[in-house]
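Asker: Input: one structure, supplied below.
The values are calculated or read from the model by the stated rules, or taken from the named source; none is laboratory data. Worth saying up front: this structure is predicted, and the values here are computed from it rather than measured. In this analysis, Cβ positions are derived from the backbone assuming ideal geometry, glycine residues included, and neighbour counts consider all displayed protein chains.
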Amino acid sequence: MYEARYDAAGHLAGLEPLVPEAPKAIRRRIVENLPPPLLKPIVPFLQTVHDRAAVEIQRGCRQGCRFCQAGMIYRPTRERTPAEVVEATGQLLQNTGYDELSLLSLSTTDHSQIVPIIDALNATFPELKISIPSTRVDSFSVDVANAVAKGKKHTLTLAPEAGSQRLRNAVNKLVSDADLLGAAENAFERGWTGIKMYFMVGLPTETMDDVEGIVRWASR
């Protein structure tokens, strides 16, 4: 219903309606409450990556990292209650036969009730294995990961994103050197045997020193 116009440099110059019903300015609409979780997903006949049940516990993210398109698109942050998560989990397990659950979100440990959610799941489904995506680089996230590990502690995933404090500040990834080292120390003290870290290369203003910082961090 629209046609995009671009200038000589290839930048968007405007959006023109092609039909009378299409307004000149497109007004954003926001679903205030999350839609019901998927309770009857297709279950594959062979093992796949992330072969487990999944409940989206939160949409959006409060972090505001400048590189994250999803963090901008899915604002504002909306959360499911612990009761909703437990109810959805019960139906998912019954419908799929899975014994492992992933708590999905752009930043799962930022959920304001993540600890009550995990406590409720552990109390209701004692044998359930709970998985959380890569976590924020802080000791609280390690505590959450510890709560879901149930004795199986192999690799903990953290996402510093950049190898230097300067570049993390530039992209608004508010993680300090002390946060990263503290989270690693906390994880190893609690029995984790490995740490996987996500970094990006090619961020605006990046220098070779920033890239070499990734190696220095891995060594530390």
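Asker: Being touching a helix residue (DSSP H, G or I) at 6+ places or on another chain (Cβ under 6 Å) and surrounded by fewer than 16 Cβ atoms within 10 Å (Cβ to Cβ), is that true of even one residue in region 32-50?
Answerer: Yes - at least one qualifying residue is present in region 32-50.
Asker: Which residue pairs have Cβ atoms under 7 Å apart, sit 6 or more places apart or on different chains, and have a first residue in region 177-197 that is in contact (Cβ under 8 Å) with a residue 12 or more places away in the chain and a second that is part of a loop (DSSP other than H, G, I, E, B) and of a type outside the set (Lys, Arg)?
Answerer: Asp179/Val137; Asp179/Asp138; Leu180/Val137; Ala183/Val137; Ala183/Asp138; Thr193/His154; Gly194/His154
Asker: In a helix (DSSP H, G or I), of a type in the set (S, T, N, Q), out of contact with any Cys (no Cβ under 9 Å at 6 or more places or on another chain) and at pLDDT below 90: which single residue out of Thr89, Thr109 fits that description?
Answerer: Thr109
Asker: If you check Ser164, Ser141, which single one turns out to be surrounded by 16 or more Cβ atoms within 10 Å (Cβ to Cβ), in the same structural domain as Val215 (by TED's automatic domain parsing) and within 27 Å of Cys68 (Cα to Cα)?
Answerer: Ser164
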